[in-house]
Amino acid sequence: MPIIRSEDAPTFQLPGLDVLGLASPSRGAKQTSVWRVQLAPQSPGVPHSVDREEIFVALTGRAIAELGGESIEVNAGDALIVPAGQRFALSNPGPEPFDALALAPVGVRAHLDGQEPFAPPWTE
């Protein structure tokens, strides 16, 4: 049975965002990629979309999702389902970090304004 230990998983850092790559094709997954995200306090969201459904399961803290023109509060224990092709952003306006697990099908591609679609490195 494959297991990816958190201490062995690759980490990716962007401004205000740390990502821990858990399950992905390069780590043995065939159908689903899973990663852990931590949004630093006072981090703005980055508007983007993905071409496959993406699900966030909030573990700690609070975030705000901008999705379909609506602002949605996401709290620990909540699950946020982002439909394929829907533009969204996830921000953390609060004083504490926001942690969540994120899941998407293998092969998911993200699209940022003004850029070509790409596979986020933690999903490969």
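Determine the gain in length on full extension of the stretch ILE72-ASP51; use 0.36 nm per residue of separation and subtract their C-alpha separation, reporting nm with one decimal.
Details: separation 21, 0.36 × 21 = 7.56 nm, distance 2.09 nm.
Between ILE72 and ASP51, full extension yields 5.5 nm more.
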Label-point separation, GLN86 to ASP8 (7 Å along Cα→Cβ), nm: 3.6 nm
Charge dipole magnitude, Cβ of K and R +1, D and E -1 - the stretch 9-123, Cα centre, debye nearest 20: 400 debye
Under Karplus coefficients 6.51, -1.76 and 1.60, residue-wise ³J(HN,Hα) of the stretch 92-101 in Hz, glycine/proline x: 10, x, x, x, 10, x, 10, 10, 8, 9
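What is the local net charge at ASP99, summed over the other residues whose Cβ is closer than 10 Å to its Cβ (Lys, Arg +1; Asp, Glu -1)?
Values: positive: ARG36; negative: ASP18, GLU96.
Cβ neighbours under 10 Å give a net charge of -1.
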Local net charge near LEU20, Cβ-Cβ under 13 Å (Lys/Arg +1, Asp/Glu -1): -1
3J(HN,Hα) from dihedral phi, the stretch 39-51, Karplus parametrisation 6.51/-1.76/1.60, rounded to Hz, x for glycine, proline: 8, 5, x, 6, 8, x, x, 10, x, 6, 9, 10, 8
Which of ALA102, LEU22, PRO117, positive extreme of dipole for the chain (C-beta unit charges): LEU22
For the chain, Kirkwood radius (reciprocal of mean inverse C-alpha pair distance, Å): 14.6 Å
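Laboratory data are not the source of any read-out in this text; all were calculated from the coordinates shown. In this text the structure is predicted, and so the values were computed from the model without any measurement. So basically every Cβ, Gly included, is an ideal-geometry build from the backbone, and we count neighbours across all protein chains shown.
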